[in-house]
Amino acid sequence: MAYLLIVINVFAGLAEGIFIKQYNTRHVHGGFVFTGIISLFAMLYFVLTDAGAFVVTPVLVPYAAISGILYCVASVLTYFALACGSFAMSMLVLSYSILFSIGYGTIFLGEPVTTFSLIGFALLLVSLYLTRGNSMGGKVSVKWLVLIILSAVANGMYGIVIRIQQIRFEGAYDNECMALCLGLSTAFLFAVGVFTEGKHIKEIVRYGVPYAMGAGLINGFRNMLSILVYTMMPISLSSALTSGIKIVVSFAVSALLFKERFLKRQIVGVIVGAFALVFLNI
């Protein structure tokens, strides 16, 4: 069941990225307001799907605040990175965020490391190395590289904070914490957007809501899946599997939907990533 949820999570993540990419390739404005709308709908997902009393306690605030800041940073940086770089390469670099989850799970949670998982992880790193660079050997934009690396770091730290919160409360306030995190993120993004994109707000809302609604609801769904998977298998394994599958699927989506072309070594890298999945599952 956990493996099925991971596959669904990967495809959902790519769908979210496609919504964002489609918007920012057709419209110039909206970095903060657009991601704020995404955050709003992601928050609504957790509010509407909560099966309990939805009780927000003060002890959740520090976790929600920290994760909210990291979510803001990751979302905005990913938006601007997708606007100026390759979809496949952006998804690939974001996969590096698993290094934070794997390190945390191994060092602080005492999750086991097997010979097969080490081989699988090594192959995953080889895959990431082979698939480096822009499609067809184009030069890497420094702006894109800085944006996507910082986004990967923020994503990795965000995942760790959410996991810490889940362990601290034994999964009792997952929906409440996520809703509070996304609510704070929404308020911050809208506040910044009013000052930086104020004169374009009507345009952003008019054209961006359909894309942001899709991305936001999918984002909430993905976060829920991640929380469920963390309760079924070690965080290091689930993160590695998600990254490996994403490598293969994101390159296929980029080639079919965005017509991006890739070097032979990059295609080999995708194949190596598939073999990494085999070893990680043994």
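The values are calculated or read from the model by the stated rules, or taken from the named source; none is laboratory data. All of these numbers come straight from a predicted model, not from anything done at the bench. In this analysis, Cβ positions are derived from the backbone assuming ideal geometry, glycine residues included, and neighbour counts consider all displayed protein chains.
For segment 29-58, what are the residues that are more than 17 Å from Ser75 (Cα to Cα) and assigned to a loop (DSSP other than H, G, I, E, B)?
Answer for segment 29-58, where residues must be more than 17 Å from Ser75 (Cα to Cα) and assigned to a loop (DSSP other than H, G, I, E, B): Asp50, Ala51, Gly52, Ala53, Phe54, Val55, Val56, Thr57.
State which residue is nearest to Thr242 (Cα to Cα) when the search covers only segment 1-24 and only residues that are modelled with pLDDT of 80 or more and over 16 Å from the mean Cα position of the chain (by Cα).
Gln22
Going by what's in this entry, would Ile148 be described as at pLDDT below 80, under 30 Å from Glu260 (Cβ atoms), assigned to a helix (DSSP H, G or I) and not small (Gly, Ala, Ser)?
Details: at pLDDT below 80: no; under 30 Å from Glu260 (Cβ atoms): yes; assigned to a helix (DSSP H, G or I): yes; not small (Gly, Ala, Ser): yes.
In short, no.
Would it be correct to say that Ser117 is buried (at least 20 other Cβ atoms within 10 Å of the Cβ), in contact with a Gly (Cβ under 8 Å, 6 or more places away or on another chain) and either modelled with pLDDT under 80 or of a type in the set (Lys, Arg) (or both)?
So Ser117 does not fit the description; no.
In the set Tyr79, Tyr104, which member is assigned to a helix (DSSP H, G or I), surrounded by 18 or more Cβ atoms within 10 Å (Cβ to Cβ), aromatic (Phe, Trp, Tyr) and in contact with a Lys or Arg (Cβ under 9 Å, 6 or more places away or on another chain)?
Matching residue, one of Tyr79, Tyr104: Tyr104.
Out of Gly220, Gly193, Gly216, Gly183, which single residue is of a type outside the set (A, V, I, L, M), surrounded by fewer than 21 Cβ atoms within 10 Å (Cβ to Cβ) and touching a residue at least 60 places away in the same chain (Cβ under 8 Å)?
One residue alone meets the criteria, Gly183.
Can you tell which of Ile69, Ile107, Ile102 is closer than 25 Å to Thr186 by Cα and of a type in the set (A, V, I, L, M)?
One residue alone meets the criteria, Ile69.
A quick yes/no check of all residues on (1) β-branched (Val, Ile, Thr); (2) buried (at least 16 other Cβ atoms within 10 Å of the Cβ); (3) under 20 Å from Gly13 (Cα atoms):
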{"residue": "Ile148", "(1), (2), (3)": "yes, yes, yes"}
{"residue": "Asn155", "(1), (2), (3)": "no, yes, yes"}
{"residue": "Ala172", "(1), (2), (3)": "no, no, no"}
{"residue": "Pro210", "(1), (2), (3)": "no, no, yes"}
{"residue": "Thr231", "(1), (2), (3)": "yes, no, yes"}
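Of the numbered conditions (1) over 16 Å from Pro62 (Cβ atoms); (2) part of a helix (DSSP H, G or I), Cys181 satisfies every one except a single condition; which is it?
The single condition Cys181 does not satisfy is (1).
From (1) at pLDDT below 85; (2) assigned to a helix (DSSP H, G or I), pick out the condition that doesn't hold for Gly171.
Every condition holds for Gly171 apart from (2).
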